[in-house]
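Structure first, commentary second.
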Amino acid sequence: ATGDSGRYTITADAYMLEASTDCWSRITAEGTVPSARAAHAAACVDHSQMVIYGGATGGGSLSSDELYLLDIRNEERTQWMSVPVLGSTPGRRYGHTMIFNKPLLIVFGGNNGAQAECDIWVLDVERSPFQWNEVSVMHTRCPLPRVYHSAEVCREGPAAGMMVVFGGRTPDNRSLKDTWGLRQHRDGRWDWVEAPTKRGQPPEPRFQHSCMFLNSKLLIVGGRGSDVNKPLPTAVYDTETCEWRNLASVNRFRHSNWGMGPLLFSYGGFDHKSPSAPTADLQVLDLDRAIQASLAPQAGATDDESAEAAGQESPQVETLSNPAFAKAPGSGPQVPGTMEGPRPATPPRGRPAPAASNARLTTPATDSSATGDVRVSPQVFVSLEKDFTHLVKKVNIETLEDEGRKIQASNVMANIATGSGGAASGVSTFVIENLLQPTTWQPDPDPNRFLLHASEVSQLCDQVLEIFKSQDMLLRLRAPIKVYGDIHGQYLDLMRLFARYKAPLEAENGDIDSMDYLFLGDFVDRGSYSLETVCLLFALKVRYPSQIHLIRGNHEDPTINAIYGFRDECRRRLKEETEDPDSCWNKFNRAFEYLPVGAIIEERILCLHGGIGGSLNVTSEIASMQRPLHVAQIPQTPFEQRITDLLWSDPSDNDSITGVTLNETRDPDGTGRIVKFGPDRVEEFLRRNEPLSMIIRAHECVMDGFERFANGRLITVFSATDYCGHHKNAGALLFVRRDLTIVPKLIYPVERTLNTWDPMILQQRPPTPPRPVPRARRLGEDELGQQGGGEW
């Protein structure tokens, strides 16, 4: 307490607040109770479990470097315990931060008693015996040493999975206002990235503040700067748009805060008006209202005046002056820092909502369409290039009229990083170096020539076949991940998508160090560059077997690709007799028969090529399929029908058509073997396979490159543009963020002098028409909206 040393004491108290009743109670626990301390760090590691580390004990002394756990899961026996840790520790320190980003506890910065630090230590709570490990970051660019900063984990948006650090104080007592994200890449390496600012001004420098996330927005709450008497506004940083804005001030520093839905709660700390005495206030700020108010500043007010106004007391911040504190017999109200009180029993789950006086604690009901934790982003990235430029803008998803007409605006929400990783051979390296050229690749002037000799292609097929054999039929994948639909030998479109939205490269404009890639089949046929497409994907699979994922489409079948162009391309460009059992074409198809046929992302999103038809009911039916998998052209058994449904079925034409119906486009003879499935089948399948909440599939040309179905619970993605030179459709990929937000990223057809679709195949076998939606794209420059923010 400023100017009052000795008047207030450091405690070892622990309190909890029952949010439904505003009832504080002191926690009385058995076991090894940590010593009294201040400026320590605490983090929740599980439901009703908290760990603390470090802190100061007063008089210039620091607490021990032990890690303590408070376990309140058993109300009859709440317990403190010292967590046994092997080896080195972060050491004694205060003014640091500690966050939990499952499964890691991460300690950053603070003062070790002699100087401020900028080191990082992690402890894996799922790996026993427990051990602290100091992190070495990849680059020299990193935050300055600091103390009294804030840190929190972002769980939604482009910074999802990062520990985000703001502000603090340097060893020379300068307050800071910088924002950094700490991320771990797929190969285990760590690095720092400084948050970009596209709009607004970063908040005033501060320390002894707190922070939290509201969805993808970082809130910097309270704190003090050089003038202890000056309250600082609550600052909001939107990781989606990289924009700062100011909200009402809580007028506190050295406080604590937490969030419940759209409500921000602040407890205790020091008031700027009387910085010599701690407070016991519980304040609440409705963030939705505060953000709306910040969007409409007073007329004529400058940015500086608006910021100054946000730093003053505001009626938007409510002090809960009459909470229902727990009382011990004969005692006064209980609040942290006062007398003890009995601990109330935890109310049972599913209890009725609190009375009207507590109604503000009730979080808004979820829309009925939001039946899970996977959602579709309301914004879509659109590439506007005429050739290989890099102009990308965001548009609202509802402006894509072909796609958007299927889903009502109120139902947009669906309920819903390198090592080479394997035996990267000389062939795969040669292919990647010569074919993975997103901005410069050009076709060979001789259409009958290919980059590789037949013997090299054969070697590549042998290598990738062994990898496919080692993998499950139904892959289990992680986010973030990019999902691609049909490519059909349109290699230029694949390069355009890589150029606009990053490629599986370790060099500049690459993201393979932090990203997985999933391709949903139909790599070959109809297009002129099936060999380039499939050889690059096979080479990437050999180079990055745990990050590049391929599943089978209906054209990865010798019966189909013998007549849709791929066999002829192999014969013509590889100078081989495709009837030879050891020909490259036969080796490709042998590898295709061992491809996985499905993938599940983070246990929430099922990805496959075609659909669920009328016969697929549970994911175990996919996982149990045996390889080599042969596709029967006329299915005779339930098992053969499931394969046909998986690779060939389509959703019905719109959400109003339910059940299982004939697929007249793909089955003109009406045999009933190829079907369409309605939205009720999607709902039923997801319900049977919880926690799945979304299906992503390919197989059909869709005009906007992607299209939602079944109230947003199924998405079709198609990556080749201007299908067969007839339809002028866009191509797309779906970017699944760490928080399972699905962001469509589009390219549109470009004018080409070279025909990239096989004209002979087009004449013999006309293309399957796109899904039946009217063409009404009106995406002029004025409708494209503002340019998107920077990337984390």
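Could you look at the stretch 492-593 and say what percent of its accessible area is carbon and sulfur, using a 1.4 Å probe and all protein chains? Walk me through the intermediate numbers first.
Details: 1140 of 2510 Å².
Carbon plus sulfur share of accessible area: 46 percent.
Could you provide, to the nearest whole Å², the per residue accessible area of the stretch 430-488 with probe 1.4 Å? Please list the in-between numbers first.
On the way: 2600 Å² over 59 residues.
I get 44 Å² per residue for the stretch 430-488.
Restrict the search to the stretch 36-84; then list the trypsin sites (Lys or Arg not before Pro) that DSSP places in a loop and that have at most 12 other Cβ atoms within 10 Å of their Cβ. Intermediate values should be presented prior to the final figure.
Details: sites: R37, R73, R77; in loops: R37, R73, R77.
Hits after loop and neighbour filter: R73, R77.
Let me spell out the model: positive unit charges on the Cβ of Lys and Arg, negative unit charges on the Cβ of Asp and Glu, origin at the Cα centre of the stretch 654-730. What dipole size does that give, in debye rounded to 20? All intermediate terms of the calculation are to be shown ahead of the outcome.
Numbers: 10 positive and 12 negative charges, 35 e Å.
Value, rounded to 20: 160 debye.
Quick one: Cα centre-to-centre distance for the stretch 623-673 and the stretch 38-65, in angstrom?
The stretch 623-673 and the stretch 38-65 have Cα centres separated by 59 Å.
Under 1.5 on a/c is rounded, so check that first for the stretch 68-164, then, if it is not, pick prolate when a/b is larger than b/c and oblate when it is not; a ≥ b ≥ c are the square roots of the alpha carbon gyration tensor eigenvalues.
Values: a/c = 1.73, a/b = 1.38, b/c = 1.25.
Prolate shape, in that a/c is at least 1.5 and a/b is the bigger ratio.
Magnitude of the Cβ-charge dipole of the stretch 55-124, K/R +1 and D/E -1, about the Cα centre, nearest 20 debye?
Approximately 60 debye in magnitude.
Find the accessible area per residue for the stretch 24-102; the probe is 1.4 Å, ligands and nucleic acids are left out, and the unit is Å². Please list the in-between numbers first.
Values: 3650 Å² over 79 residues.
Value for the stretch 24-102: 46 Å² per residue.
Tell me, what is the per residue accessible area of the stretch 597-649 in Å², probe radius 1.4 Å? Don't jump to the answer; show the numbers that get you there.
Numbers: 1870 Å² over 53 residues.
Roughly 35 Å² per residue, with all protein chains present.
Under the definition of Cα pairs under 8 Å and six or more residues apart, what whole-number percent is the relative contact order of the stretch 523-584?
Working: 49 pairs, mean separation 20.8, N = 62.
About 34 percent, as a whole number.
Compare T179, T197 by solvent-accessible area with a 1.4 Å probe and give them largest first, with all protein chains kept in place.
Working: T179 10, T197 65 Å².
Descending accessible area places them as T197, T179.
How do the peptides 737-748, 261-272 rank, highest first, by the average count of neighbouring beta carbon atoms within 10 Å per residue?
Numbers: 737-748: 22.8, 261-272: 20.4.
My ranking of the peptides, most packed first, is 737-748, 261-272.
Test of the criteria: in the stretch 121-189, which trypsin sites (Lys or Arg not before Pro) are in a DSSP loop and have at most 12 other Cβ atoms within 10 angstrom of their Cβ? Could you put the intermediate results ahead of the total?
On the way: sites: R127, R141, R146, R155, R169, R174, K177, R183, R186, R189; in loops: R127, R141, R155, R174, R186, R189.
Sparse-neighbourhood loop trypsin sites (Lys or Arg not before Pro): R127, R141.
5 Å is the cut-off here: which amide hydrogens, built 1.01 Å from N in the peptide plane, fall below it relative to S377, excluding neighbours closer than 5 in sequence?
The answer is I742, V743.
The values are calculated or read from the model by the stated rules, or taken from the named source; none is laboratory data. Please read these numbers as outputs of a predicted model, since none were measured by experiment. Here Cβ is always computed from backbone atoms with ideal geometry, including for glycine, and neighbour counts include all displayed protein chains. The area values use the complete protein model at the heavy-atom level, side chains included, leaving out ligands, DNA and RNA. Shrake-Rupley method; radii C 1.70, N 1.55, O 1.52, S 1.80 Å.
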